[in-house]
1. Could you tell me whether segment 3-74 comes out rounded, prolate or oblate from its Cα gyration tensor? Rule is a ≥ b ≥ c as square roots of the eigenvalues, rounded for a/c under 1.5, then prolate if a/b exceeds b/c, otherwise oblate.
2. Structure shown: which of 92/113; 52/142; 70/113; 72/92 lie over 21 Å apart, alpha-carbon to alpha-carbon?
3. Using a 1.4 Å probe on the protein heavy atoms, what percent of the accessible area of the chain belongs to carbon and sulfur?
4. Write down, largest first, the equivalent ellipsoid semi-axes of segment 121-195 in whole Å, where each equals the square root of 5 times an eigenvalue of the alpha-carbon gyration tensor.
5. Can you tell me the dipole magnitude for the chain around its Cα centre, using point charges on the Cβ only (Lys, Arg +1; Asp, Glu -1), in Debye to the nearest 20?
6. Tell me the accessible surface of residue 103 in square angstrom (1.4 angstrom probe, heavy atoms of protein chains only), to the nearest ten.
7. Return one whole number: the accessible area per residue of segment 81-247 in Å², for a 1.4 Å probe.
8. Please compute one quarter of the surface area of the Cα convex hull for the chain and express it in square nanometres.
Amino acid sequence: MHVDFLPDIILGNIFSYLSLEDLRNSSLVCKRWYSILNDEDNDVWRLHCIHKLAEEVLSSDLLSSTPTYKTKLKAFNHAWNPEDCSRNIYIKPNGFTIHRNPVAQSTDGVRGKIGFSHGRHAWEVVWEGPLGTVAVVGIATKEANLQTHGYIALLGSDDQSWGWNLVDNHLLHNGDSQGNYPMLNNAPKYQVGERIRVILDCDDNTLAFERNYEFLGVAFRGLPEKLLYPSVSAVYGHTEVSMVYLGPPLDG
């Protein structure tokens, strides 16, 4: 039977065995294939999710901001990189959450799998354990350190990283405080479990944050035109931090 006569459900099952690159190429073959693959919640993307994502994370609230199977799969492909983190950090089986081992006098960081140099991108970070004395959320280049002795604001300690210390509401870059953030009188401190949305605009070279869906303003301007990776650094033993990539931010 010619492929043109195959029912959509059969084509969908065949597509579920293809790589993501092959799926992108397949969507360009004809209007029918494009239509099938453009449905982000059909069996093609559901089966890919089942193959790659842990069952516990698919049934949890962690991916509630990624409503379709395709966006969940994209989030997984952008999640924390197990090969780009401090030796004192490991990625939990769900693929989205880091766990920092209880190592004394050490500050430890991690980067996401994919960096960005163009376009607009948003991701959510949820701190799921105690903050400790320093807990920083932001971005870093590949040149930024991911481990150092002592308890310091590692993310933001050099000119290759930019961060927001959730403990004291300070912005950090190149080893210096860049001021308080957000710019509010008596700004509330972060509470464990709140969702922070990080918004990187590589076209405007800015970094901004939201907390519980409230926009807090631009934190950093003049970012370099280099690959910038989602990053965090932590000091507290057994603390856990999850990151979920969302795609382009929705304005308004």
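The values are calculated or read from the model by the stated rules, or taken from the named source; none is laboratory data. A quick note: this is a predicted structure, and the numbers were derived from the prediction, not measured. Glycine also receives a Cβ, built like all others from the backbone with ideal geometry; neighbour counts cover every protein chain displayed. Ligands, DNA and RNA are excluded from the accessible area calculation, which covers all protein heavy atoms including side chains. Shrake-Rupley method; radii C 1.70, N 1.55, O 1.52, S 1.80 Å.
1. Values: a/c = 2.32, a/b = 2.08, b/c = 1.12.
Here segment 3-74 falls in the prolate category.
2. Checking Cα-Cα distances, 52/142 exceed 21 Å.
3. Within the chain, the accessible surface is 50 percent carbon and sulfur.
4. Taking √(5λ) for each eigenvalue gives 19, 15, 13 Å, largest first.
5. 200 debye
6. 50 Å²
7. Values: 7000 Å² over 167 residues.
On a per-residue basis, segment 81-247 sits at 42 Å².
8. Its average projected convex-hull area is 14.3 nm².
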